[in-house]
Structure formats: C-alpha cells, structure tokens
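What follows is a short report on a single structure.
Please treat every number below as a calculation from the coordinates, not as lab data. Please read these numbers as outputs of a predicted model, since none were measured by experiment. Heads up, the Cβs are rebuilt from the backbone with ideal geometry, glycines too, and the neighbour counts pull from every protein chain shown.
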C-alpha cells in the first residue's frame, strides 16, 4: 500500500502532506499520554507487518493492521502510523519522504473512520462485536486501497486500470485483516478489556 516516490503529482503530495499534518496534530492533541506505550507498541506492530510486501505496479500489497490500530487508538493512529511510515522510508526506502504525507493519509484516515464506525459496537453481544471487528479490519484496508486508487486517478486519469488492480489485489488482504482484527479483539476482551474503547469508561 506504499506509494513510491515520483508517482503522485505535486498537488496530491501537497494535499496529502497538509492532511497528514492536520491529522497528526489532532491525534497528538487527543492522545492520552498515559497510553503512550500502547501507541508505541501498535506503531511497532504496524511497522513490522508492513515490511513483508509484494510489489504491484506503483504500490505494494502487505498486511497493514490499520483497522486494529485505529480501533485501539482513534485519532492517535495518525501519529503512530506516520512515525512507522517515516522509519520504513528512512531504513528500507518503502514509500518515500515526499510521499510520506500521502501514505499516512491513505493508511491512517481509514483507521480513524473505522474507529468511529465500529468502536461503539465492541461492548455489544459477542457476535455483534466480532462482526464489527471483522468489518473494521476488512473495510480499513478497502478504504485505504480506495484512497490510494483515488490519489492515482487524481494524478493521472490513465491510472484507472492500475487503481482497480490495486483494490482487487488487496481483497485477500482485506479478509485476512478482518480475521486478525476479530481475533485480536476477542483475545483482548478476555485478557485485558480495558484497552478496548468503551471498556475504559
């Protein structure tokens, strides 16, 4: 899901940078600094899972875990994902510095959306919570793929076929992420439910 250097237009990169800066500012403001360690652990999980990837055109397919990151962190997912992407760019040349803002928005904005869509359902009946968790993992990747495709189309209309390929190639990832997110939520509800939104009130 990383966009490579030199793929997106200057206007898209600028818009991505501005939105990423705004999202990160909101995330830092809303972050509970008693849970900084949790933010760091989830940023590290995002960092590690994204290292195993398969290149497809100007992007790549890999696990993201932005669904569970968003579910547990809310707006704090923005700074967590931004830091992980920055380190990946510096150490492994994934994405790139100029595309950092766009990549952060592509992966963090869906995480925040899914937080608002599905976090209220985690305290419901077990079946409802598991369905919501799966949908969170699935849709977070789908929204990211759709945002990536939209960014490519804004850069060049001829990227429509590549954008469609990116979305289709990520379908297996969407299912896997949904299963992983549901498993993580089920595990956390048993061993440490206070970490989940709605349980720490």
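Computed quantities for the displayed model
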{"item": "Proxy reagent accessibility, fewest Cβ within 10 Å first, across 181, 24, 128", "result": "128, 24, 181"}
{"item": "Computed over the chain: relative contact order in percent, which uses C-alpha pairs under 8 Å that are six or more apart", "result": "25"}
{"item": "Once the Cα gyration tensor of region 85-201 is diagonalised, semi-axes √(5λ) in Å", "result": "30, 17, 12"}
{"item": "The chain - mean residue ellipticity at 222 nm from DSSP helices (-39,500 (n - 2.57) per run, n ≥ 4, rounded to 500)", "result": "-23500 deg cm²/dmol"}
{"item": "Sites residue 154 and residue 183 - FRET efficiency at Förster radius 25 Å, r taken between beta-carbons, to 0.05", "result": "0.10"}
{"item": "Residues 94, 116, sorted so that the one with the fewest Cβ neighbours within 10 Å comes first", "result": "116, 94"}
{"item": "Kirkwood Rh (inverse of mean 1/r, distinct Cα pairs), the chain, angstrom", "result": "16.6"}
{"item": "Region 70-112 and region 135-150: distance between their alpha carbon centers, rounded to Å", "result": "14"}
{"item": "Nearest 10 degrees, 0 to 90: helix 100-118 Cα axis against the chain principal axis", "result": "30"}
{"item": "Residues 114, 184, sorted so that the one with the fewest Cβ neighbours within 10 Å comes first", "result": "184, 114"}
{"item": "Gain on full stretching of the segment that runs from residue 28 to residue 44 - 0.36 nm per residue minus C-alpha separation", "result": "4.0 nm"}
